[in-house]
Amino acid sequence: MINEQLINPKSIAIIGGSENLQKPGGKILHHILERYRGEVFVVNPKAENIQGVKVHQQIKDINEEIDLAVIAIAAKFCPEAVKKLVKNNNTRAFIIISAGFSEESATGAGYEKEITDTINNVNGCLIGPNCTGVITNNHQSYFTTPIPKLNPQGADFISSSGGTAVFIIETGTSMGLSFNNIFSVGNAPQTCVEDVLEYLDETFNEETSSKSKLIYIEDIKKPDKLLKHASSLVQKGCKIAAIKSGTSDAGKRAAESHTGAMASSDIAVDTLFKKAGIIRCHSRLELATMAAIFASPELVGNRMTIITHAGGPAVMLTDTLSNGGIEVPQLLGEDADDLKTKLFAGSSVKNPIDFLATGTAEQLSEIIDYCQYKFDNIDAICIVFGSSGLFDVENVYEVIHNKMRKCSKPIFAVLPSVENAKEAIGYFTSKGNVCFFDEVILASALTKVYPTSEVKYKGIEMKGVNIPSIKKLISNTSSGILDADNCNKLLNYAGVESVPYQIIQSEADLKNINKELNFPIAAKVMGFAHKTEIDGIALNIKSEAELKEQYNRLSKIENAEGVILQPMLDGIELFVGAKYEPKFGHIMMIGLGGIYVEILKDITSGLAPFCKQEVLEMLRELKAYPILQGFRGNKGINIDHFADIIVRISTMLRFSTEIVEMDLNPLIANEDGIFVVDAHIKIEK
């Protein structure tokens, strides 16, 4: 847990401080002395004075209380050092830089557990081990470089990996980003990424806290905590972008349902982030780009003009924006014609505005003014301007700097010449600006940010779902595939209607067909998830003779457990599936049903449970949504009713982690309602 001693310590001890700035203990002491104004103690048995600070040979020589201890000694010595600091110096915050713990060996894991237990016993805070440290506005207990510009409105950054954090900070600082707090949590046996996010949420102040949060996370240890505090921060006006690495599914077990085959750990991350309002990134440059967008004026409309002196980047930028839903409208009429007269011959103003490689700073200024004051069909401006190395572009970047402060429309500056214009870019960012290096990554990131949507999840909607009966049924069944009767009961307890059915296990049973089962009838083999693959379905059976013939065929399929009969229903086929992902919960998938699940794979996914607003938004993401609404004279479905069904099922799943896979495929939607035709539910106790 994060405590005040970590954030704002009155005293800091560096255990293993060094004169050598190429060692972690030397560099971290150097950084602390640069900024920290409290009392500093150094422990090193081999020196008397280090970097101007009096050295204590051993921890026991310090007779004062120490709020924060930064430890940079061999792993085997760390447990004893922590015990002494806790007992003798009342230390309650620790940053352990040292490596050689659980990431390395079982012995190291033992050291790590011993340290964690000691600190937990006094309700202390542990960052690390195997981390690069912590930076707050009060101290820089961080052993790597660069130390970025600190700004209360800069980004809060939490990282599982110290090395990755360094690379992201390097990329961000080169783009002009500033930071507020930086936490490298390392192995995180006590304080993990989710715990730091919790602290940022619980201490959030509308007026003084940063509204930009960046995360690099390798292992989501507490998904519920991440969901709770990320969604809370987003609702408070924050924007959060995150990289989640390590989601490849090599060795994934064979699935027994459509959903099991389609769902993965990576989809679980996507659904969690989506529910929490976190924008997912997949590279260091994309995360830094997202942070730079967060630091820029908000994009409030989806119409962009592109100004460039290089055609290729403008084309790639236009394509990516357009494909992501941000328009690049044509600029026509008298104002466009007038602007063209102010540019060199051969320039184009249709949008992108290409004012050629010979274009001047004065022309750029004129173009920006037209976009700001003349063109009403423009909401934002993106400028792509690099250097051929033939002339200085600092005057151009000065124009962009000034216009950024005067224009009400957001301006995004892509400055791609990271070598030819290196000094000019440094000048531009030194004046408090952010810039972008890659136009396609910028455009892709913008399409993720715009349009922004509120976090929809507000809590579990019970919808009359009979949880006690569901739990009792599951407790009275064995692990494995639920039989048809129990599937039907389970869905009924959730308030979901199924098609009437009858199980036939002999020819004699055919003489006693339920009155509800009027011809035409559908017959399906029992005991298989993928019935079409084994020719296990017979549809539109219109007579007793045909029924007998199809029963004999289906019942002879190897391992058949019987044949189920149902009335034929006309309507739109729908699909609802779910897979339980350990720690995360149930991933649910929704789309068109029948064979379309496998062929079209037009599905939308989310993390159960849902509220109705979430489901309605998910349904609108489907390419087939116009079919659900009704298309070219064909009737649609009752979308409101379908959303209610999905919410009910999601609520059932939230209380039934024993359900590891579920396919409702298809559900038939017609004017009489929405009915489950085929259900496949797998239980694991």
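Tabulated data for the structure shown
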{"quantity": "Residue match in region 326-338 (condition: under 22 Å from VAL396 (Cα atoms) and touching a helix residue (DSSP H, G or I) at 6+ places or on another chain (Cβ under 7 Å))", "calculated": "no"}
{"quantity": "Cross-chain or 6+ apart pairs with Cβ under 9 Å, region 309-325 first and more than 13 Å from ILE441 (Cα to Cα), then of a type in the set (Phe, Trp, Tyr) and surrounded by 15 or more Cβ atoms within 10 Å (Cβ to Cβ)", "calculated": "HIS309/PHE355; HIS309/PHE385; ALA310/PHE385; GLY325/TYR450"}
{"quantity": "Residues (more than 25 Å from GLY172 (Cβ to Cβ), out of contact with any helix residue (DSSP H, G or I) (no Cβ under 7 Å at 6 or more places or on another chain) and either modelled with pLDDT of 95 or more or not charged (D, E, K, R) (or both)) located in region 252-280", "calculated": "ALA254, SER257, THR259, GLY260, ALA261, MET262, ALA263, SER264, SER265, ILE267, ALA268, THR271"}
{"quantity": "Flag if VAL440 is part of a helix (DSSP H, G or I), hydrophobic (A, V, I, L, M, F, W, C) and outside the structural domain of ALA155 (by TED's automatic domain parsing)", "calculated": "yes"}
{"quantity": "Options LYS60, LYS87, LYS76, LYS83; residue that is without any contact (Cβ under 8 Å) to a residue 12 or more places away in the chain and either assigned by TED's automatic domain parsing to the domain that holds PRO189 or over 22 Å from GLN140 (Cα atoms) (or both)", "calculated": "LYS87"}
{"quantity": "Filter result (exposed (fewer than 13 other Cβ atoms within 10 Å of the Cβ) and touching a strand residue (DSSP E or B) at 6+ places or on another chain (Cβ under 9 Å)) within region 536-555", "calculated": "LEU539, ASN540, LYS542"}
{"quantity": "Region 200-215, residues that are touching a residue at least 60 places away in the same chain (Cβ under 8 Å) and buried (at least 21 other Cβ atoms within 10 Å of the Cβ)", "calculated": "SER212, LEU214, ILE215"}
{"quantity": "All positions within region 507-519 that are surrounded by 15 or more Cβ atoms within 10 Å (Cβ to Cβ) and either part of a loop (DSSP other than H, G, I, E, B) or hydrophobic (A, V, I, L, M, F, W, C) (or both)", "calculated": "LEU510, ILE513, LEU517"}
{"quantity": "Whichever residue in region 105-123 is of a type in the set (Gly, Ala, Ser) and more than 22 Å from GLY25 (Cα to Cα) and, among such residues, is surrounded by the most Cβ atoms within 10 Å (Cβ to Cβ)", "calculated": "ALA109"}
{"quantity": "Single condition ILE674 does not satisfy, out of (1) of a type in the set (Val, Ile, Thr); (2) touching a helix residue (DSSP H, G or I) at 6+ places or on another chain (Cβ under 8 Å); (3) part of a helix (DSSP H, G or I)", "calculated": "(3)"}
{"quantity": "So VAL465, is it touching a helix residue (DSSP H, G or I) at 6+ places or on another chain (Cβ under 7 Å), buried (at least 18 other Cβ atoms within 10 Å of the Cβ) and free of Cβ contacts under 8 Å to residues at least 40 places away in the same chain", "calculated": "no"}
{"quantity": "Members of region 123-144 found to be among the β-branched types (Val, Ile, Thr) and not in a strand (DSSP E or B), listed by number", "calculated": "THR132, THR136, THR144"}
{"quantity": "Pair list, Cβ under 6 Å, 6 or more apart: region 157-172 residue assigned to a helix (DSSP H, G or I), other residue buried (at least 18 other Cβ atoms within 10 Å of the Cβ) and among the aromatic types (Phe, Trp, Tyr)", "calculated": "THR164/TYR216"}
{"quantity": "Long-range neighbours under 6 Å by Cβ, at least six apart or interchain, first residue of a type in the set (Phe, Trp, Tyr) within region 615-644, second crowded, with 18+ Cβ neighbours inside 10 Å", "calculated": "PHE642/ILE674"}
{"quantity": "Contacts under 9 angstrom Cβ, first residue in region 543-556 being closer than 15 Å to PHE519 by Cα, partner part of a helix (DSSP H, G or I) and hydrophobic (A, V, I, L, M, F, W, C), 6 or more apart", "calculated": "GLU544/LEU510; LEU547/LEU510; LYS548/LEU510; TYR551/LEU510"}
{"quantity": "Residue within region 484-491 that is more than 24 Å from the chain's Cα centre (by Cα) and within 29 Å of ALA276 (Cα to Cα) present", "calculated": "yes"}
{"quantity": "Verdict on ASP249 being modelled with pLDDT under 95, within 30 Å of ILE681 (Cα to Cα), within 14 Å of the chain's Cα centre (by Cα) and not β-branched (Val, Ile, Thr)", "calculated": "no"}
{"quantity": "Residue in region 588-598 that is touching a helix residue (DSSP H, G or I) at 6+ places or on another chain (Cβ under 9 Å), among the small types (Gly, Ala, Ser) and either assigned by TED's automatic domain parsing to the domain that holds ALA276 or in contact (Cβ under 8 Å) with a residue 40 or more places away in the chain (or both) present", "calculated": "yes"}
{"quantity": "Cβ-Cβ under 9 Å pairs, at least 6 apart or on other chains, region 407-433 side on the phi < 0 side of the Ramachandran plot and surrounded by fewer than 16 Cβ atoms within 10 Å (Cβ to Cβ), far side of a type in the set (A, V, I, L, M, F, W, C) and part of a helix (DSSP H, G or I)", "calculated": "VAL418/ILE425"}
{"quantity": "Boolean, ILE182 is in contact with a strand residue (DSSP E or B) (Cβ under 8 Å, 6 or more places away or on another chain), within 28 Å of THR208 (Cα to Cα), modelled with pLDDT of 95 or more and in the same structural domain as LYS222 (by TED's automatic domain parsing)", "calculated": "yes"}
{"quantity": "Residue in region 84-104 that is at positive phi and either surrounded by 15 or more Cβ atoms within 10 Å (Cβ to Cβ) or not in a helix (DSSP H, G or I) (or both) present", "calculated": "yes"}
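Yes or no, residue by residue, for (1) farther than 27 Å from ALA69 by Cβ; (2) modelled with pLDDT under 95; (3) among the hydroxyl-bearing types (Ser, Thr, Tyr):
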{"site": "HIS139", "(1), (2), (3)": "no, no, no"}
{"site": "THR144", "(1), (2), (3)": "no, yes, yes"}
{"site": "ASP156", "(1), (2), (3)": "no, no, no"}
{"site": "SER159", "(1), (2), (3)": "no, no, yes"}
{"site": "GLU170", "(1), (2), (3)": "yes, no, no"}
{"site": "ASP224", "(1), (2), (3)": "yes, yes, no"}
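Conditions (1) out of contact with any Cys (no Cβ under 8 Å at 6 or more places or on another chain); (2) under 24 Å from ILE467 (Cβ atoms), marked per residue:
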| residue | (1), (2) |
| --- | --- |
| GLU621 | yes, no |
| ALA624 | yes, no |
| LEU628 | yes, no |
| PHE631 | yes, no |
| ILE637 | yes, no |
| ASP644 | yes, yes |
| VAL647 | no, yes |
| SER650 | yes, yes |
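Okay, residues lined up against (1) assigned by TED's automatic domain parsing to the domain that holds ALA310; (2) closer than 26 Å to THR320 by Cα; (3) modelled with pLDDT under 95; (4) surrounded by 21 or more Cβ atoms within 10 Å (Cβ to Cβ):
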{"residue": "THR341", "(1), (2), (3), (4)": "yes, no, no, no"}
{"residue": "SER365", "(1), (2), (3), (4)": "yes, yes, no, no"}
{"residue": "CYS371", "(1), (2), (3), (4)": "yes, yes, no, yes"}
{"residue": "ASP379", "(1), (2), (3), (4)": "yes, yes, no, no"}
{"residue": "ILE383", "(1), (2), (3), (4)": "yes, yes, no, yes"}
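The values are calculated or read from the model by the stated rules, or taken from the named source; none is laboratory data. As the structure is a prediction and not an experimental result, all values here were calculated from the model. Glycine gets a Cβ as well: all are built from the backbone with ideal geometry, and neighbour counts include every protein chain shown.
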